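Enquirer: Submitted below is the structure of interest, expressed as structure tokens.
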Amino acid sequence: MAFDITRARAAYPALGEGFRHFDAAAGSLVAEPVARAVHAVHTGAVANRSDAFAPGRRALEIVAEARRAVADLLGADPAGVMFGSSATSLTYLIARTVAASWQPGDEVVVSRLDHDSNVRPWVQLAAERGATVRWAEFDPATGQLPTEQYRALIGERTRVVAVTAASNAIGTRPDVPAIAALAHAAGALVYVDGVHATPHQPTDVAALGADFYVTSAYKWSGPHLAACAADPVLLETLHPLKLRPSSDAVPERFELGTPSFASLAGVTAAVEHLATLDPAATGSRRERLLTSLAAVRDYEAGLFTGLVDGLAGIDGVTLCPAPDDRCPTVSFRLGAQHPAATSAMLGDQGICAFAGDYYAWEYFQTMGLRDSGGAVRAGIYHYTTADDVEVLLEALRTAAKAAR
Ligand SMILES: Cc1ncc(COP(=O)(O)O)c(C=O)c1O
């Protein structure tokens, strides 16, 4: 069934302001049911967690529901879903916990395609523990992260392989299952950054081979809160620093302090919202999520082809190379213009597109673009229209002509 874009957009009150949003990779707009769920917690009787009275039990149920919702989104076990304030803070926490057992000479593999939040924590912990960092390189000509190199990078001393499910700069989707198979054959853990990928396609953490999969709800229509899914049996073997009186149960032992119950209710509402994006989807919430996100993927891919072809057809636009099969995210420059100036020029026309390195620090450093401003990023989300794409392209065509 064709994706109903009018229906999808109706769920986002903020679209009424009329901006053209190509900035969802930095954070999407919030879906209305999410705002309602957050509001309901703030205006209802919700206490801190307690079995003793109803408002406390509500808090307990909000947390449990959010774990079930994220588990459905990712194909994970709710008992292994941990929440934190951001993907970055969760990755630091897990990296520090995992690295506690590293010995000098142990190794960790990171990639130059990743957002810095799945690079720096591992690099810094490796330095602290005397471990060696091994770098997976992307191909600058194609934007691919070749899998074959992992055969040489992974060895018997490898403890962790950290890799992204999709690049937030150019959309590349590495072959995570193949990389994970190589890691597991060597007894290493696989930490997958799913922050960019999650809203654009169905996710199955088991099929990916992810021992940890981290995602941020504010990238998929939800509140500013992140989750990481892992096997609870694995989590039982890990012991983060924690307060003495706080729960040592899994996954609570990984959650420091009192969580935002309002945001957790918003997470559940966001997952339920994603599950409704294809109104014809039937079955369990997991099944509806798989159907809806497949419809989103196909809709976004159609628009993205038009966007990339349109950009490639503008004399003066230079695209960062990337494979055809990728998340719908493209980075480019307009002639010799500084990317920040291009972003501001578009901003003046109500078009939202970020410029810079978007924390894909290693990517832009390797490309030799970081010091001169990175690039401009345009991403498709499931509320983007063909008209939005045409407006962006026309603004760039006009600017390119004026610069000639
Ligand atoms: C691919 C990727 N990983 C990680 C992050 C960091 O997420 P958070 O802001 O939740 O720490 C981002 C944010 O832009 C991202 O795009």
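Enquirer: Find how much the distance from S247 to T318 grows on full extension, using 0.36 nm per residue of separation minus their present alpha carbon separation; answer in nm with one decimal.
Expert: Net length gain for the segment: 20.3 nm.
Enquirer: Filter the GluC sites (Glu not before Pro) in segment 124-214 to those in DSSP coil with at most 10 other Cβ atoms within 10 Å of their Cβ, and list the result.
Expert: Passing both the DSSP loop test and the Cβ count: E148, E156.
Enquirer: Using only the Cα atoms, what convex hull volume per residue in Å³ does segment 95-176 have?
Expert: Value for segment 95-176: 85 Å³ per residue.
Enquirer: Under 19 Å from a point placed 7 Å out from the Cα of N48 along the Cα-to-Cβ direction: which residues of segment 244-260 have their backbone N that close?
Expert: The answer is 244-249, 252-260.
Enquirer: Ignoring everything except DSSP H segments at least 4 long, calculate the 222 nm mean residue ellipticity for the chain; use -39,500 (n - 2.57) per segment, divide by total residues, nearest 500.
Expert: Mean residue ellipticity, 222 nm, calculated: -12500 deg cm²/dmol.
Enquirer: Sticking with this structure for a sec: On the full set of protein chains, 1.4 Å probe, figure out the accessible area of S101 and give it in Å² to the nearest 10.
Expert: 80
Enquirer: Order I170, I62 by their accessible area, 1.4 angstrom probe, all chains in place, largest first.
Expert: Numbers: I170 0, I62 25 Å².
From most accessible down to least: I62, I170.
Enquirer: On to the next question. Amide H of S221 versus every other amide H placed in the peptide plane: which residues, excluding those fewer than 5 positions away on the same chain, fall under 5 Å?
Expert: Placed amide hydrogens put S28 under 5 Å from S221.
Enquirer: Over all distinct alpha-carbon pairs, what is the Kirkwood Rh of segment 273-374 in angstrom? Numbers along the way, then the final one.
Expert: Numbers: mean 1/r = 0.0629 Å⁻¹.
Value: 15.9 Å, from the Cα pair sum.
Enquirer: E17: accessible area at probe 1.4 Å, nearest 10 Å²?
Expert: Counting only protein heavy atoms, E17 exposes about 140 Å² to solvent.
Enquirer: Name the residues whose placed amide hydrogens come within less than 5 Å of the amide hydrogen of R134, ignoring near sequence neighbours (fewer than 5 apart) on the same chain.
Expert: Answer set, sorted by chain and number: V108, V109, V110.
Enquirer: Can you tell me the FRET efficiency between C352 and D325 if r is taken as the Cβ-Cβ distance and R0 is 30 Å, rounded to the nearest 0.05?
Expert: Given R0 = 30 Å and the Cβ-Cβ separation, E is 0.70.
Enquirer: Something else: Percent of Cα-Cα pairs more than 20 Å apart in segment 1-147, please.
Expert: 70
Enquirer: Now for a separate question. Measuring from label point to label point, each 7 Å out along Cα→Cβ, what is the A386 to L256 span in nm?
Expert: According to this spin-label approximation, the distance is 5.0 nm.
Enquirer: If you don't mind, there's one more thing I want to ask. Expected output is a single nm value to one decimal: the length gained when fully extending between L234 and D371, i.e. 0.36 nm times separation in residues minus the C-alpha distance. What is it?
Expert: Computed gain between L234 and D371 is 45.2 nm.
Enquirer: Treat every Asp and Glu Cβ in the chain as -1 and every Lys and Arg Cβ as +1, leave all other atoms uncharged, and give the resulting dipole magnitude about the Cα centre to the nearest 20 debye.
Expert: Its charge dipole is roughly 680 debye.
Enquirer: If you don't mind, there's one more thing I want to ask. Provide the convex hull volume over Cα atoms per residue for the chain, in Å³.
Expert: Spread over its residues, the Cα hull of the chain gives 137 Å³ apiece.
Enquirer: Continuing with this model, one more query. Can you pull the Rg over Rh of segment 197-251, Cα-only, Kirkwood? Can you show the working numbers first?
Expert: Values: Rg = 13.8 Å, Rh = 13.2 Å.
Value, to two decimals: 1.04.
Enquirer: Can you compute log10 of I(q)/I(0) for segment 34-274 with the Debye formula, treating each Cα as one identical point scatterer, at q = 0.17 Å⁻¹?
Expert: Computed log10 I(q)/I(0) values: -1.22.
Enquirer: At A341 and H39, where each label point lies 7 Å from the Cα along Cα→Cβ, what is the point-to-point distance in nanometres?
Expert: For A341 paired with H39, the spin-label model returns 4.4 nm.
Enquirer: Another one. Below 8 Å between Cα atoms, with a sequence gap of 6+, how large is the relative contact order for segment 34-274 in percent?
Expert: 27
Enquirer: In addition: At 37 °C and 0.692 mPa s, what whole-number value in µm²/s does Stokes-Einstein give for the translational diffusion of segment 318-404, with Rh from the Kirkwood sum over Cα pairs?
Expert: Answer from the Stokes-Einstein relation: 242 µm²/s.
The values are calculated or read from the model by the stated rules, or taken from the named source; none is laboratory data. Note that the structure is predicted; figures quoted are calculated from it, not measured. Positions of Cβ are generated from backbone atoms using ideal geometry, with glycine treated the same way; all protein chains shown enter the neighbour counts. Heads up: the accessible areas ignore ligands, DNA and RNA and are worked out on the full protein's heavy atoms, side chains in. Shrake-Rupley method; radii C 1.70, N 1.55, O 1.52, S 1.80 Å.
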